[in-house]
Amino acid sequence: MSQPTSTGGLEITHPQSKSMKNRPKRKLTPQQLENRTAYLFLTPWFLGLIFITIGPVLASLYLSFTRYNILRPPRWIGFENYYNILFMDRQFWTSVKVTFFYVGWSVPLVLIMSLAVATVLNRGLALLPIYRSIFYIPSLMGGSVGIGLLWREVFGAQGVFNDALAIFGMAGRSWIAIPETAPWILVTLNVWTFGASMVIFLAALRQIPASLYEAASIDGASAWTRFRRITIPMLTPIVFFNAVLLTIQSFQSFTQSYIVSGGTGGPADSTLLYSLYLYQRAFVQLDMGYGSAMAWILLLSIASFTGLIFWSAKYWVFYGE
Amino acid sequence: MANVILKDLTKRYGGGALTAVSSLNLSIEDGEFLVLVGPSGCGKSTALRMIAGLEEITSGEVSINDNVVNDVHAKDRDIAMVFQNYALYPHMSVYDNMAFALQIAKFPSEEIKKKVHEVAAILQLEPFLKRRPGQLSGGQRQRVAMGRAIVRQPSVFLMDEPLSNLDAKLRVQMRSEIARIQDRLQVTTIYVTHDQIEAMTMGDRVALMKDGMLQQVDTPSNIYGRPANTFVASFIGSPAMNLFHANIGDPLADGASLRLGSHQLHIPQKVFEVRSELKEYFNRDVIAGIRPEDMDDAALTNSHPDNETISARIVLAEALGSDIIIHLDFDAKMAEVIDPDTLSDISKSLDGENAGICVARFDAKSQAKAGETVKVSVDCERLHFFDSETGLAIRGD
Ligand SMILES: Nc1ncnc2c1ncn2[C@@H]1O[C@H](COP(=O)(O)OP(=O)(O)OP(=O)(O)O)[C@@H](O)[C@H]1O
Ligand SMILES: [Mg+2]
């Protein structure tokens, strides 16, 4: 914030205070005036936050304690939804397992992939802006339905992927129809969108002073040692940031599993991500109360996982000077 | 321990558009402390970085310990470098910063520990070994940077303005500390600076560069006392040497007379003996150099010969306590900083007015005040002479 300035034009007197003689005169300082203006400009965002985010969140908290199928008004049932989800629903636990598999593989893979590509691109390529854009494109399109459909074709029985395998004499199959390989397709789809993390890594790599690498070279460090002992430690805040972001995103992943499995989570529930199962319960089976409770369990899980990463940060993240 | 030899070392940037270092020839002996000095942008860092292996060599050769190392990677040159910004690893403790090179060289950890503690003791860094560089003061960081270089016991130290980020007092202290350490370790050292005091006080020899070209390499006292050209003469010394266009008269029995504008000085015979080439310059224009410290208030000396005295009006008197810097109104044409390669400077100053300033360093006892006209005694045996066309010193050897 700027320091209070003494531009006379900004000293506006409250019209009311002038008329009320027994009250002390209250002038708005330029600082207060500036704050007011700022709040005015923030209003649309606040309204959005209240009506589009906080409102529905609170509503879903209420609904999670009810039975509600949209047609009839919600009926309070206390913790029954939560009890059923956690202790009676085997499909729920399947979806949890699928989701953990998905998050557990894709977050590290995206991190490795994005850091590796960023490091290669950071070697001062002449066409860097072009490469950067190319790698970033999947991140822009990754979550879209169209791309989901495309991938489904690529990994289908008659897909391009099998055509490619055939060149090497390997027998293809419908990768998305087999429970063992289908989850990997989802992971692949996530890793494919590494561009967003990569762009952040690239920006961070350029912040590392070249003199550190020079000093390390003179100290006898090979390229790999420099990467391991300079680049990685200096990037840990960014790794941390990306890890948090990716974890939150991946837990909520929905579109790809919906498209690839045609909304079923099949084969044999092998692609039944948490959000997809939630969607099925809430919007297919019209059990909004159950869905809301699942959403809150997801929220709390994400919060605790993020918390775990934050807690671990003090052991591996290096923060500035 | 090793010597360093530079042969026609050249660096061009931008496809040859800019020559940062031009045919540099230098030979630094084993254990020598060489200071590379020159104005900003003259190519000191570039030269040092080529020796370090951080900058590609356009042409020429660098040899360390009699091996040409042009194609040897920086990590294999067995050198240590202290950077201007220290380039300490911010995420490592002071201990790890110092141990890094030894860890990479796979020394046993007991030995690393011993070496680091030894060096930390020399540099009084022991209380800070567990801290990160960010938690240290500028002077402490500087010492860590030194320590990191020392621990490795390299064959050559390269230092690029290692003191320029320190305040004046700390700089003085570290200056002597570095010189002391180098003296103790006897490691060949190339030290880059643009500070002439560092150049004069620290090195065994000083190499002075300008515009990528070496001007003179010599001991500090020779650089000061026998500058090779007008650039060296004006760069070393503070206040700088006064350089005037002058004219030497006919040979006399006891020397010759020197005309500086409307002023006249006597050149003793002894000068012609020391500078035998000066005999070629009777009745010719030269550039005469007078160091401020070779002038004094004539009132303070009683037996100074009259013909080695000038009188001039004081424009400004700056009392520094230890002495007084006197700016004199002097009507000889000033020959400003010129060098053998930019002769245009001379013609420029020739076209100018005849009004010049001569700076003298008077003893603090002097009563001279601004506005007064004083008699100034000049130590004429210590006059310097340069060829007015080439700017090169007129000497006799
Ligand atoms: N990477 C580069 N690309 C192009 N020109 C460069 C580069 N590095 C240095 N130069 C130029 O080379 C010349 C010498 O630079 P150098 O850094 O060696 O000067 P220096 O003597 O160390 O100066 P300073 O005392 O300011 O550090 C300068 O004109 C500089 O602009
Ligand atoms: Mg430099």
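Return only the number of the condition from (1) open to solvent by 10 Å² or more (accessible area, probe 1.4 Å); (2) within 16 Å of ligand 1 (Cβ to nearest atom) that B:G138 does not satisfy.
Of (1) open to solvent by 10 Å² or more (accessible area, probe 1.4 Å); (2) within 16 Å of ligand 1 (Cβ to nearest atom), only one is false for B:G138: (2).
Which residue out of B:F100, B:F107 is in contact with an Asp or Glu (Cβ under 6 Å, 6 or more places away or on another chain) and within 14 Å of chain A (Cβ to nearest Cβ)? I'd like the intermediate steps shown before the answer.
On the way: B:F107 fails: in contact with an Asp or Glu (Cβ under 6 Å, 6 or more places away or on another chain).
Step by step, each of B:F100, B:F107 is checked, and only B:F100 is in contact with an Asp or Glu (Cβ under 6 Å, 6 or more places away or on another chain) and within 14 Å of chain A (Cβ to nearest Cβ).
Tell me whether the range A:219-236 contains one or more residues that are out of contact with any helix residue (DSSP H, G or I) (no Cβ under 9 Å at 6 or more places or on another chain) and basic (K, R).
Yes; the residues of the range A:219-236 include at least one that is out of contact with any helix residue (DSSP H, G or I) (no Cβ under 9 Å at 6 or more places or on another chain) and basic (K, R).
Go through the range A:262-282 and report how many residues are open to solvent by 20 Å² or more (accessible area, probe 1.4 Å) and over 22 Å from A:L63 (Cα atoms).
5
Identify all residues within the range B:145-191 that are within 14 Å of chain A (Cβ to nearest Cβ), over 20 Å from the mean Cα position of the chain (by Cα) and farther than 16 Å from B:L88 by Cα; write none if there are none.
Kept after step one, since they are within 14 Å of chain A (Cβ to nearest Cβ), are these residues of the range B:145-191: B:145-162, B:165, B:190.
Applying the additional criterion that residues be over 20 Å from the mean Cα position of the chain (by Cα) yields B:145-156.
Hits for the range B:145-191 are B:Q153, B:P154, B:S155, B:V156.
Filter the range B:191-229 down to the residues that are open to solvent by less than 50 Å² (accessible area, probe 1.4 Å), within 15 Å of ligand 2 (Cβ to nearest atom) and outside any strand (DSSP E or B) and list them by number.
B:D195, B:E198, B:A199, B:G212
Give the number of residues within the range B:56-77 that are within 14 Å of another protein chain (Cβ to nearest Cβ), open to solvent by 40 Å² or more (accessible area, probe 1.4 Å) and under 27 Å from the mean Cα position of the chain (by Cα). Full working, then the answer.
Of the range B:56-77, the ones within 14 Å of another protein chain (Cβ to nearest Cβ) are B:56, B:64, B:69, B:72-77.
Those still in the list that are open to solvent by 40 Å² or more (accessible area, probe 1.4 Å) too: B:56, B:72-73, B:75-76.
Applying the additional criterion that residues be under 27 Å from the mean Cα position of the chain (by Cα) yields B:56.
Number satisfying all stated conditions: 1.
I'd like to verify a number: residues in the range B:1-27 that are under 25 Å from B:Q182 (Cα atoms), over 16 Å from the mean Cα position of the chain (by Cα) and open to solvent by less than 30 Å² (accessible area, probe 1.4 Å), how many?
Here the count works out to 4.
Would you confirm whether any residue within the range A:111-121 is open to solvent by 90 Å² or more (accessible area, probe 1.4 Å) and under 21 Å from A:V244 (Cβ atoms)?
The answer is yes, given that some residue of the range A:111-121 is open to solvent by 90 Å² or more (accessible area, probe 1.4 Å) and under 21 Å from A:V244 (Cβ atoms).
Residues being in contact with a helix residue (DSSP H, G or I) (Cβ under 7 Å, 6 or more places away or on another chain) and under 24 Å from B:D331 (Cα atoms): count how many of those fall in the range B:279-290. Explain how you work it out, then say what you get.
Taking the range B:279-290 and keeping what is in contact with a helix residue (DSSP H, G or I) (Cβ under 7 Å, 6 or more places away or on another chain), we get B:279, B:287, B:289.
Remaining after also requiring under 24 Å from B:D331 (Cα atoms): B:287, B:289.
Qualifying residue count for the region: 2.
Answer yes or no: is there a residue in the range A:170-182 that is open to solvent by 60 Å² or more (accessible area, probe 1.4 Å), in contact (Cβ under 8 Å) with a residue 40 or more places away in the chain and either on the phi > 0 side of the Ramachandran plot or not in a helix (DSSP H, G or I) (or both).
Looking for residues that are open to solvent by 60 Å² or more (accessible area, probe 1.4 Å), in contact (Cβ under 8 Å) with a residue 40 or more places away in the chain and either on the phi > 0 side of the Ramachandran plot or not in a helix (DSSP H, G or I) (or both), one finds at least one in the range A:170-182, hence yes.
One residue is enough: does the range B:155-178 have a residue meeting the conditions in a loop (DSSP other than H, G, I, E, B), open to solvent by 20 Å² or more (accessible area, probe 1.4 Å) and more than 30 Å from B:G237 (Cβ to Cβ)?
no
Return only the number of the condition from (1) on the phi < 0 side of the Ramachandran plot; (2) more than 16 Å from ligand 2 (Cβ to nearest atom); (3) in contact with a strand residue (DSSP E or B) (Cβ under 7 Å, 6 or more places away or on another chain) that B:S23 does not satisfy.
Going through (1) on the phi < 0 side of the Ramachandran plot; (2) more than 16 Å from ligand 2 (Cβ to nearest atom); (3) in contact with a strand residue (DSSP E or B) (Cβ under 7 Å, 6 or more places away or on another chain) one by one, B:S23 breaks only (1).
I'd like the full set of residues that are away from ligand 1 (no atom under 12 Å from the Cβ) and more than 9 Å from the chain's Cα centre (by Cα), limited to the range B:192-210.
B:T201, B:M202, B:G203, B:D204, B:R205
Exactly one of these conditions fails for A:G307: (1) more than 22 Å from A:P56 (Cβ to Cβ); (2) touching a residue at least 40 places away in the same chain (Cβ under 8 Å). Give me its number.
(2)
Of A:F241, A:F251, which residue is away from chain B (no Cβ under 11 Å) and open to solvent by 20 Å² or more (accessible area, probe 1.4 Å)? Don't jump to the end; show me each part of the working.
Values: A:F251 fails: open to solvent by 20 Å² or more (accessible area, probe 1.4 Å).
None of the others qualify; the one that does is A:F241.
Can you go through B:L48, B:L36 and tell me which one is within 16 Å of ligand 2 (Cβ to nearest atom), within 13 Å of chain A (Cβ to nearest Cβ), open to solvent by less than 10 Å² (accessible area, probe 1.4 Å) and within 28 Å of B:S234 (Cβ to Cβ)? So that I can check it myself, show each step before the final result.
Details: B:L36 fails: within 13 Å of chain A (Cβ to nearest Cβ).
Unique residue meeting the criteria: B:L48.
When you go through A:I232, A:I218, A:I208 one by one, which is the residue that is buried (at least 21 other Cβ atoms within 10 Å of the Cβ) and either aromatic (F, W, Y) or within 13 Å of chain B (Cβ to nearest Cβ) (or both)? Spell out the reasoning first.
Working: A:I232 fails: buried (at least 21 other Cβ atoms within 10 Å of the Cβ); A:I208 fails: buried (at least 21 other Cβ atoms within 10 Å of the Cβ).
None of the others qualify; the one that does is A:I218.
A:A157 passes all but one of (1) farther than 27 Å from A:L272 by Cα; (2) free of Cβ contacts under 8 Å to residues at least 60 places away in the same chain; (3) open to solvent by 50 Å² or more (accessible area, probe 1.4 Å); which number fails?
The number of the failed condition is (1).
Collect the residues in the range B:82-95 that are at the interface with chain A (Cβ under 9 Å from one of its Cβ atoms), more than 16 Å from ligand 1 (Cβ to nearest atom) and either touching a strand residue (DSSP E or B) at 6+ places or on another chain (Cβ under 9 Å) or not aliphatic (A, V, I, L, M) (or both), keeping them in residue-number order.
Applying the first criterion (at the interface with chain A (Cβ under 9 Å from one of its Cβ atoms)) to the range B:82-95 yields B:83-92.
From what's left, more than 16 Å from ligand 1 (Cβ to nearest atom): B:88-92.
Passing the criteria: B:Y89, B:P90, B:H91.
The values are calculated or read from the model by the stated rules, or taken from the named source; none is laboratory data. The model shown is predicted, which means the values in this text are computed figures rather than measured ones. Glycine gets a Cβ as well: all are built from the backbone with ideal geometry, and neighbour counts include every protein chain shown. Only protein heavy atoms, including side chains, enter the accessible area calculation; ligands, DNA and RNA are left aside. Shrake-Rupley method; radii C 1.70, N 1.55, O 1.52, S 1.80 Å.
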